[in-house]
Every structure is written in structure tokens, then in C-alpha cells.
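A quick write-up on the structure given underneath.
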Amino acid sequence: MATANNNLSEYDKASIPNASNYRFGIVVSEWNDTITEGLFKGAYDTLLENNVAPGNITRWNVPGSFELIYGCKKMQRQRVDVVIAIGSVIQGETKHFDFVCEGVAQGIKDLNVLHDVPVIFCVLTDNNIQQSIDRSGGIHGNKGTEAAVAAIKMAFLNEQ
Ligand SMILES: Nc1c(NC[C@H](O)[C@H](O)[C@H](O)CO)[nH]c(=O)[nH]c1=O
Ligand SMILES: CC(=O)[C@@H](O)COP(=O)(O)O
């Protein structure tokens, strides 16, 4: 189902485990920061709404989405139960978009395979800025909210 038919900010609160004892690492790319700050706000607010204490949330910034891989690898070694990678990649004139998106997706996948701390993929890969606006608190909701819900669920799963 495409995002256009499924608001990113809507979730069943009854399906969310108790998150008050989990620790969250959030790594935020500075490229397209008006978008990534919106994604971060969505994630942060959703964690607080689900009884996560601010002191249980650690945020680091990295220059761009490609650096999310290294930043999340380092964050996995911190005292956290789950990591959220936040980025915004927007198509330009060249094929660089393709390499950044593929590299980040593969790199974060690898971190989930190689290490025992889940990393949530909250990276928008959009054709234009409007699509990014629409998915970071706009008409399609906020992918940061979706990522925070996924993070809580994966922290719970990691306890099983
Ligand atoms: N064009 C975008 C980039 N490009 C920068 C790379 O992510 C990386 O920082 C650089 O290649 C140095 O290693 N990054 C984004 O996050 N979003 C873009 O649209
Ligand atoms: C995703 C990118 O790296 C891209 O925004 C860079 O723009 P360009 O392809 O015009 O160099």
C-alpha cells in the first residue's frame, strides 16, 4: 500500500508495548535539515507520548544520510535498546541519489544483520521536496512517528 493511502502518523496505541524502560538512540542527518528535524520531532514526540523519558533518548547528528551507517554503528555500542536512523534524500540532477539511497539502505540492513541492536530505517527517498514535506508532518503524516512505533516494537521483540 502506498504512503498516499496510509497516513504515516496513525497507529493503534493498544498495540504498543510499554516503552518506559527502553533506551533509544536517534541518529539524524543534517542534509535537508528542515525535513529531518520534522522527522525527528515526530519520532521524539511519539516516544514521549508512549511514556519514554527524555533521559532515555540519545540524539547524535551526522553530515548526510550516507554517514547514518557509521553513526548508527557507533550508536549500537551505546547503552541503547534500539536505534532510529533519520535522513532525507531528494533526487537531484545525477545518479548520486541512487547510490546514496542504495548505500544507506544496504548499510542499515547490514547493521541489523551484524549486531543485536535493531536499527530503524527512517530515511525518506523522495523525487522532490514536496514529497518530503508531505511525509515529515504534512498531508501523509510523519514517517518519524512510524519509525518511533517500529522502534518500540523492535525493542520489545529484542527482549524475547
Ligand atoms: N544529496 C543528499 C545527500 N548527499 C550527501 C551524502 O549523504 C554524504 O553526506 C556525502 O556523499 C559525503 O559522504 N545526503 C542526504 O542525506 N540527502 C541528500 O539529498
Ligand atoms: C541525493 C543527492 O546526492 C543529490 O541531491 C545531489 O544532487 P545532484 O545529483 O544534482 O548532484
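The values are calculated or read from the model by the stated rules, or taken from the named source; none is laboratory data. Keep in mind that this is a model prediction, so the values were computed, not measured. Cβ placement follows ideal geometry from the backbone for every residue including glycine, while neighbour counts extend to all protein chains displayed. Accessible surface is based on the protein model in full, side chains and every heavy atom, while ligands, DNA and RNA are left aside. Shrake-Rupley method; radii C 1.70, N 1.55, O 1.52, S 1.80 Å.
The figures follow:
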| read-out | value |
| --- | --- |
| Simple Cβ-charge dipole of the chain, Lys/Arg +1 and Asp/Glu -1, about Cα centre, in debye nearest 20 | 440 debye |
| Solvent exposure of the stretch 36-152 as accessible area per residue, Å², 1.4 Å probe | 47 Å² |
| Linear extension gain, ARG79 paired with THR3, 0.36 nm per residue minus alpha-carbon span | 24.1 nm |
| Radius 13 Å from Cβ of LYS13, net charge of other residues (Lys, Arg +1; Asp, Glu -1) | -2 |
| Full-extension gain in nm, GLN106 to LYS41, via 0.36 nm per residue minus C-alpha separation | 20.9 nm |
| Spacing of the two label points (7 Å from each Cα toward its C-beta) at THR94 and GLN130, in nm | 2.7 nm |
| Where GluC sites (Glu not before Pro) fall in DSSP loop in the stretch 56-160, at most 14 other Cβ within 10 Å | GLU93 |
| The stretch 24-84 versus the stretch 93-144: alpha-carbon centroid distance in Å | 13 Å |
| Linear extension gain, VAL113 paired with THR58, 0.36 nm per residue minus alpha-carbon span | 17.6 nm |
| Cα gyration tensor, the chain - rounded (a/c under 1.5), prolate or oblate | oblate |
| Highest to lowest packing among 7-18, 114-125, 47-58, scored as the average C-beta count within 10 Å | 114-125, 47-58, 7-18 |
| Candidates ILE90, ILE69, ILE129, ranked by Gaussian network fluctuation over the chain, Cα under 10 Å, top entry | ILE129 |
| Sites matching trypsin sites (Lys or Arg not before Pro) across the stretch 68-160 that sit in DSSP coil, with at most 12 neighbouring C-beta atoms within 10 Å | ARG77, ARG79, LYS95 |
| The chain: relative contact order in percent, alpha carbon pairs under 8 Å with at least 6 residues between | 34 percent |
| Accessible-area composition of the chain, carbon plus sulfur, in percent [1.4 Å probe] | 52 percent |
